[in-house]
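Everything below concerns the one structure shown next.
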Amino acid sequence: MQLQVKGKNLEVNDSIRSYVERKLQKLDRRVHELTRVEIELTVEKNPSIAESQVAEATVHLKGRTLRARETARDMKAAIDELADKLVRQVRDIHDKRVDGRKHFDEPELENPVEAEITES
């Protein structure tokens, strides 16, 4: 998984970057190694916004793009919720693909032509 962490109104230091990488390890196990994940961490400067810490993610999968956004009072809480949401979205997509492949055997029905012959 190729991870890119950006910050808006926030300096992204090594501790935040390593925290994001650690929280997205579950996602890393579920996606291809060439999957591109972009994380944008934002701090809203408006004092009237209670949950001013925002974490947004864009995951570019093969043939599909996932987006998620979480807000919280603490950046680590927003990252935790974002990681859980992304893992859930990827799991749901995988489950839909796997369920779509299942084909159930149709029960064998008695041949209607033979049934008509035996009735006459």
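Every number here is computed from the coordinates shown, using simple stated rules; none is lab data. Since we're looking at a predicted model, the values are computed, not measured. Note that each Cβ is placed from the backbone with ideal geometry, even for glycine, and that neighbours are counted across all protein chains shown.
For the range 1-53, max minus min Cα coordinate along each principal axis, in Å, sorted largest first?
On the principal axes, the range 1-53 reaches 40, 19, 16 Å in Cα extent.
For a quick check of your reading of the filter: which trypsin sites (Lys or Arg not before Pro) in the range 55-96 sit in a DSSP loop and have no more than 14 other Cβ atoms within 10 Å?
The qualifying sites are K62, R73.
Based only on other Cβ atoms within 10 Å, what is the fewest-to-most ordering of H32, H60?
Listing H32, H60 from fewest to most nearby Cβ atoms yields H32, H60.
Across the range 2-101, what fraction of all alpha-carbon pairs, as a whole percent, falls in each successive 5 Å bin from zero upward?
Here the calculated profile for the range 2-101 is 2, 13, 24, 24, 16, 10, 6, 3, 1, 0, 0.
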